[in-house]
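Heads up, the thing below is written out as structure tokens.
Values quoted throughout were computed directly from the atomic coordinates according to the rules given, and no laboratory measurement underlies them. Values in this document were obtained by computation on a predicted structure and should not be read as measured data. FYI the Cβ positions are ideal-geometry reconstructions off the backbone, even for glycines, and counts take in every protein chain you see.
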Amino acid sequence: MYVRYKAILGLLLSVAIILLAGSAPQGSQSIARGVVDDSQAIEALLKEQEEELEEYRAYLQQAGEDTFQQKQGELLRAQAQQLHNEAKKLRTSLEAKYQVLTEGISQEILRQQLQLMLVSLDEGQQEARLARIAELEEERQTVRVELDAEYQAELHELQAKHEERSRQAVIQLRAEIERAMEEEFAQYQLALLQDLEERIAKMGPALASGEANR
């Protein structure tokens, strides 16, 4: 867009010089000097506008980068909070699943413990119940290990999805900001170009008027 703009400015300069030169009568040295002066004025104006464009481009780039950093931080914090909430929900779900799967085991452990405390048992019966309790505890621990592994696997998948979602969101954010900057810069270029066209258009009639007054 900027290269195209400079090409348009160069074309306008060429056309303006041709028009100004064409408006000067043959052999009129004063008018010829006026054409040269006007062309030099246009060149100076072009240089001024190029410098102004470069300054505005730098301003937009810095403003865009500041905006991107701010919005990226907000986006990533929101994504992190969402991941935290979903991980907490996953843990709660698996805890509920653990309670369901071990409910029968826990009840059997409690029954065996009550018999040990409340029922008169010989040594062999006590050892049998203690062995059964140990077996049930091991079963319950196996369920816990399996559910913890399931939680870690699902959490890892959840984190991977969030990372990809965050990456895509950051890419989209960058593209939106760059698009907005390009649109803003294009509007600024157009305004400068229109102003230049108006100034050049006024030079021809002014020159012709000056010659008529002579």
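When Lys and Arg each count +1 and Asp and Glu each count -1, what net charge do the other residues less than 14 Å away from residue 145, Cβ to Cβ, add up to?
So the environment of residue 145 carries a net charge of -3.
With a Förster radius of 35 Å, plug the Cβ-Cβ distance of residue 46 and residue 167 into 1/(1 + (r/R0)^6) and report the FRET value to the nearest 0.05.
Rounded to the nearest 0.05, the efficiency is 0.25.
Put a dot 7 Å past each Cα toward the Cβ at residue 187 and residue 144; how far apart are the dots in nm?
6.3 nm
What lysines does residue 97 reach when the alpha-carbon gap must be under 30 Å and sequence neighbours fewer than 8 apart in one chain are set aside?
Excluding near neighbours in sequence, the set is 88, 89, 161.
Just order 153-160, 115-122, 183-190 by mean Cβ neighbour count inside 10 Å, highest at the front, would you?
Top of the packing list down: 183-190, 153-160, 115-122.
When only Cα pairs under 8 Å and 6 or more residues apart are kept, what is the percent relative contact order across the range 48-146?
Relative contact order comes out at 29 percent.
Taking 8 Å as the Cα distance limit and 6 or more residues as the minimum spacing, I'd like the relative contact order of the range 77-214 as a percentage.
31 percent
Can you work out the Karplus-derived ³J(HN,Hα) for every residue in the range 65-75? Use 6.51 cos²θ - 1.76 cosθ + 1.60 with θ = phi - 60°, whole Hz, and x for glycine or proline.
Karplus-based 3J(HN,Hα) across the range 65-75 equals 5, 4, 5, 4, 4, 5, 6, 5, x, 4, 5 Hz.
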